Amino acid sequence: MSTAAAKELIAGGVPLSYLELGAGAPILLLHGAAGLPPDAPFLGGLAALGRVIAPTHPGFGHAVLPDWIDGVDDLAYIYLDLLEALDLRDVTVIGCSMGGWIAAEMASLAPSAYRALVLVGAMGIKPPEGDIADQAIVSYIDYPRSGFHDQAAFAAIYGDVTTDQLEAWDIAREMSFRTAWKPYMYSQTLPHLLGGVRCPALVVWGDDDRIVPISAGHAYAEALPGATLTTIPACGHFAEMEKPDAVAGLAIDFLTRS
């Protein structure tokens, strides 16, 4: 797999770091609460289809977090400005977990602006059945562990979890609470705005997602006109890391048909 290039720019007045890989049609990839390692196979899988741009959310890792950011919609506006800064048009937006929520907010703000929308285990909608797992009541390591069906897959990615990784998860948790605490990890208005989205949409869910119940996936599929929901067997919440080939394959098949 080719090495992703690390780049930086200013969007929405905020310094952003992002990885870029591949060439062709633009794909904006928005990571989830656990982040996405630079060498993640999912990046390479998508790069076979186009130019992948994968930013680090403000406040995650060592990224700058401006004082004014206090909601997921703020992040959506920043990424809308990122697309303008890079002069990208007809973009496919792929969002995973919390990144899926940001992607959905972007689509609601610009319903006709995108080529396609792919949501993987997306937060942002209150599950009709069950609840989104509360990371405040578990340890920094138990929360990402719970996002994998197969603990061997977790170990293959993170190995012996380092202090730096624990710190990164701690920072990500703080950012999640700051932007999505009340109500926790969903928007009361988003479901009512998704009906105006005009791009094709694919919703992907692990069939053993213990962080966001699959009922939220059904809710997304119902709210987005013409959307389809596809589940991945023996897979947890962080499907893009646990089953990267399956998720990339579904996205590529969907985009080549859209």
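Name every residue in the range 131-154 that is of a type outside the set (S, T, N, Q) and in contact with a helix residue (DSSP H, G or I) (Cβ under 6 Å, 6 or more places away or on another chain), in order of residue number.
Initially, the range 131-154 is screened for residues of a type outside the set (S, T, N, Q), giving 131-134, 136-138, 140-145, 147-150, 152-154.
Scanning the range 131-154 gives TYR140, TYR143, ARG145, PHE148, ALA153, PHE154.
When you scan the range 89-102, do you find a residue that is charged (D, E, K, R) and over 22 Å from LEU16 (Cα atoms), even just one? Spell out how you get there, then give the answer.
Residues of the range 89-102 that are charged (D, E, K, R), as a first pass: 89-90.
Retained after the next criterion (residues that are over 22 Å from LEU16 (Cα atoms)): none.
Among the residues of the range 89-102, not one is charged (D, E, K, R) and over 22 Å from LEU16 (Cα atoms), which makes the answer no.
Scanning the range 1-11 for residues that are assigned to a strand (DSSP E or B) and surrounded by 19 or more Cβ atoms within 10 Å (Cβ to Cβ) yields one hit, ALA11. Do we find a residue being surrounded by 13 or more Cβ atoms within 10 Å (Cβ to Cβ), within 16 Å of the chain's Cα centre (by Cα), among the charged types (D, E, K, R) and over 23 Å from TRP169 (Cα atoms) anywhere in the range 89-108? The answer is yes, given that some residue of the range 89-108 is surrounded by 13 or more Cβ atoms within 10 Å (Cβ to Cβ), within 16 Å of the chain's Cα centre (by Cα), among the charged types (D, E, K, R) and over 23 Å from TRP169 (Cα atoms).
Restricted to the range 12-126, the set of strands (runs of 3 or more DSSP E) holding at least 3 residues that are free of Cβ contacts under 8 Å to residues at least 12 places away in the same chain, out of contact with any helix residue (DSSP H, G or I) (no Cβ under 9 Å at 6 or more places or on another chain) and closer than 24 Å to ARG145 by Cα is empty.
Can you list the helices (runs of 4 or more DSSP H) found entirely within the range 139-248 that contain at least 1 residues being within 19 Å of ALA76 (Cβ to Cβ) and in contact with a strand residue (DSSP E or B) (Cβ under 8 Å, 6 or more places away or on another chain)?
163-180, 190-193, 214-223
The set of residues in the range 158-177 being closer than 26 Å to SER215 by Cβ and either exposed (fewer than 15 other Cβ atoms within 10 Å of the Cβ) or modelled with pLDDT of 95 or more (or both) consists of PHE177 alone.
Restricting attention to the range 70-88, and to residues there that are out of contact with any strand residue (DSSP E or B) (no Cβ under 9 Å at 6 or more places or on another chain) and not hydrophobic (A, V, I, L, M, F, W, C), which single residue is surrounded by the most Cβ atoms within 10 Å (Cβ to Cβ)?
If we take residues in the range 70-88 being out of contact with any strand residue (DSSP E or B) (no Cβ under 9 Å at 6 or more places or on another chain) and not hydrophobic (A, V, I, L, M, F, W, C), then ASP73 is surrounded by the most Cβ atoms within 10 Å (Cβ to Cβ).
Given the criteria in contact (Cβ under 8 Å) with a residue 24 or more places away in the chain and either crowded, with 21+ Cβ neighbours inside 10 Å or not small (Gly, Ala, Ser) (or both), does SER215 qualify?
Details: in contact (Cβ under 8 Å) with a residue 24 or more places away in the chain: yes; either crowded, with 21+ Cβ neighbours inside 10 Å or not small (Gly, Ala, Ser) (or both): no.
No.
Given the condition without any contact (Cβ under 8 Å) to a residue 40 or more places away in the chain, within 17 Å of LYS126 (Cα to Cα) and hydroxyl-bearing (Ser, Thr, Tyr), answer yes or no: does some residue in the range 169-178 qualify? Before the answer, list the steps.
Going through the range 169-178, the residues without any contact (Cβ under 8 Å) to a residue 40 or more places away in the chain turn out to be 170.
So of that shortlist, the ones also within 17 Å of LYS126 (Cα to Cα) come out as none.
For the range 169-178, residues without any contact (Cβ under 8 Å) to a residue 40 or more places away in the chain, within 17 Å of LYS126 (Cα to Cα) and hydroxyl-bearing (Ser, Thr, Tyr): absent.
Could we say that ILE53 is closer than 25 Å to PRO225 by Cβ, aliphatic (A, V, I, L, M), at pLDDT 90 or above and under 13 Å from the mean Cα position of the chain (by Cα) here?
no
None of ALA155, ALA104, ALA133, ALA110 is farther than 22 Å from HIS237 by Cβ and either at pLDDT 90 or above or of a type outside the set (Phe, Trp, Tyr) (or both) except ALA110.
With respect to PRO128, is the statement that it is more than 17 Å from the chain's Cα centre (by Cα), modelled with pLDDT of 90 or more and closer than 24 Å to GLY217 by Cβ true? Spell out the reasoning first.
Numbers: more than 17 Å from the chain's Cα centre (by Cα): yes; modelled with pLDDT of 90 or more: yes; closer than 24 Å to GLY217 by Cβ: yes.
When the stated conditions are applied, PRO128 passes them.
Contact map, the range 137-164: residues that are among the basic types (Lys, Arg) paired with residues that are in a helix (DSSP H, G or I) and loosely packed, with under 14 Cβ neighbours inside 10 Å, Cβ distance under 7 Å, separation 6+ or inter-chain. Pairs shown: ARG145/GLN151.
The values are calculated or read from the model by the stated rules, or taken from the named source; none is laboratory data. Keep in mind that what you see is a predicted model, and the values were worked out from it rather than measured. Note that we place each Cβ from the backbone using ideal geometry, even for glycine, and neighbour counts take in every protein chain shown.
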